[in-house]
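Reading through the structure tokens given below for one structure.
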Amino acid sequence: MTGRTMTAIIAGGLAALALLAVAWFTLLAPKLDEEAAIDLGHGDYALQGTDGQPFTEDTLRGAPTAVFFGFAHCPEVCPTTLSDIDLWQAELAEAGEAPLRTYFVTVDPERDTVEMMADYVGWVPGLVGVSGSREEIDKAIRAFRVFAAKVPLEGGDYTMDHSAFVLLFDDRGNFFEPIRYQEELESAMAKIRRVMAM
């Protein structure tokens, strides 16, 4: 085999790989993302809300819903997000609109009981805290495809790393879109109003 033939084979292989990459990013990946989004939040988890109601897949149906995963000992992301949610609810109230049904699901059920969650989220209008057993919380983490991991600290204590976005669902329980951590108020409110108008 000549060097020219080998070069042609390599070039042909690279061209085929490039075509596969284009096909992946333009045809297959969006379809997989769309299919994953359709199933987001669906699962057999059974948790308890601070409103005394169960939190299951069925909870996402009936009204537009926002879901955030965090924990009560969170030093920055969760308090900031709770403040943002409070601001969103205030914006809706000021405009004479109904509050957005919102759930804060703990990723640290060993420390965050339902009673503790009630104290932690009670100051935010329309926000329900959610907890349960470790097993059921892990099912919910998988169903919503969020990240959560325990991080050991000195002295035997620990903190939690976790996803930092709020997930919006339409009134049929289908994923709509996320609100990024500290997203600009105008952008977040536009997303909220779009899902609430559906």
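The values are calculated or read from the model by the stated rules, or taken from the named source; none is laboratory data. Values in this document were obtained by computation on a predicted structure and should not be read as measured data. We place every Cβ from the backbone using ideal geometry, glycine too, and count neighbours over all the protein chains shown. Quick note on the areas: whole protein, heavy atoms, side chains included, nothing else; ligands and nucleic acids left out. Shrake-Rupley method; radii C 1.70, N 1.55, O 1.52, S 1.80 Å.
Kindly indicate which of PHE169, PHE175, PHE144 is closer than 17 Å to PHE68 by Cβ, in contact with a Lys or Arg (Cβ under 9 Å, 6 or more places away or on another chain) and surrounded by 12 or more Cβ atoms within 10 Å (Cβ to Cβ). Even if it seems obvious, please write down each step before you answer.
Values: PHE175 fails: in contact with a Lys or Arg (Cβ under 9 Å, 6 or more places away or on another chain); PHE144 fails: in contact with a Lys or Arg (Cβ under 9 Å, 6 or more places away or on another chain).
After ruling out the rest, the residue left standing is PHE169.
Out of all the residues in the stretch 69-114, which are over 16 Å from the mean Cα position of the chain (by Cα), surrounded by fewer than 23 Cβ atoms within 10 Å (Cβ to Cβ) and touching a residue at least 60 places away in the same chain (Cβ under 8 Å)? Residues satisfying the conditions are HIS73, CYS74, PRO75, LEU87, GLU91, LEU92, GLU97, ALA98, VAL114. Cβ-Cβ distances below 9 Å connect the following pairs, each with a first residue in the stretch 174-187 that is among the small types (Gly, Ala, Ser), a second residue that is open to solvent by 70 Å² or more (accessible area, probe 1.4 Å), and a separation of six or more residues or different chains: SER187/ARG180. Considering the stretch 189-198, the residues that are more than 12 Å from LEU92 (Cα to Cα) and assigned to a helix (DSSP H, G or I) include one that is least open to solvent (accessible area, probe 1.4 Å), namely VAL195.
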